[in-house]
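A quick write-up on the structure given underneath.
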């Protein structure tokens, strides 16, 4: 379908948000299990949503930080395949991180750690900017010549 040709579809937008959120947490869980799983005795949701685990004072904290940032990089790739529009990447990234903030507030209270804000702010910026860049590259690709009209003379 051509961009802009279809009507506004709120169900598609909700489905994209849910898919992006789920893929982000699956990826974060994978990175956490690889980087943190060997360092701790038991994995829990604490590593996903508790702001106190994001600390630069321990090796485990650095592994958690790396997991969050790597998930943002992969999330940009997810936006390339799910969203496919550069101008929508900022909106979807902001939605993902706002939902993450609300879940974190519900789980462990207001994040009072400056490290949490820096890591999530950096992750948001990486996901939005890299997602936009990847989508722009895809949008600017040349249309294959086999689809051009043969009678156009060009």
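The single condition from (1) touching a residue at least 12 places away in the same chain (Cβ under 8 Å); (2) over 13 Å from the mean Cα position of the chain (by Cα) that residue 9 fails is (1). A single entry from 98, 30 fulfils the requirement of being under 14 Å from residue 120 (Cβ atoms) and either surrounded by fewer than 14 Cβ atoms within 10 Å (Cβ to Cβ) or modelled with pLDDT of 95 or more (or both): 98. Filtering the range 83-110 to residues that are in a helix (DSSP H, G or I) and over 14 Å from residue 128 (Cβ atoms) leaves 99, 101, 102, 103, 104, 105, 106, 107, 108. Taking the criterion of being more than 18 Å from residue 71 (Cβ to Cβ) and part of a helix (DSSP H, G or I), the residues of the range 8-53 that qualify are 10, 11, 12, 13, 14, 15, 52.
Within the range 62-72, is there a residue that is free of Cβ contacts under 8 Å to residues at least 12 places away in the same chain and either surrounded by fewer than 18 Cβ atoms within 10 Å (Cβ to Cβ) or more than 16 Å from the chain's Cα centre (by Cα) (or both)? Explain how you work it out, then say what you get.
Initially, the range 62-72 is screened for residues free of Cβ contacts under 8 Å to residues at least 12 places away in the same chain, giving 62.
Filter once more, keeping what is either surrounded by fewer than 18 Cβ atoms within 10 Å (Cβ to Cβ) or more than 16 Å from the chain's Cα centre (by Cα) (or both): 62.
Yes, because at least one residue in the range 62-72 is free of Cβ contacts under 8 Å to residues at least 12 places away in the same chain and either surrounded by fewer than 18 Cβ atoms within 10 Å (Cβ to Cβ) or more than 16 Å from the chain's Cα centre (by Cα) (or both).
The values are calculated or read from the model by the stated rules, or taken from the named source; none is laboratory data. Keep in mind the model is a prediction, meaning the values are calculated, not measured. Neighbour counts run over all protein chains shown; Cβ positions are idealised from the backbone, glycine included.
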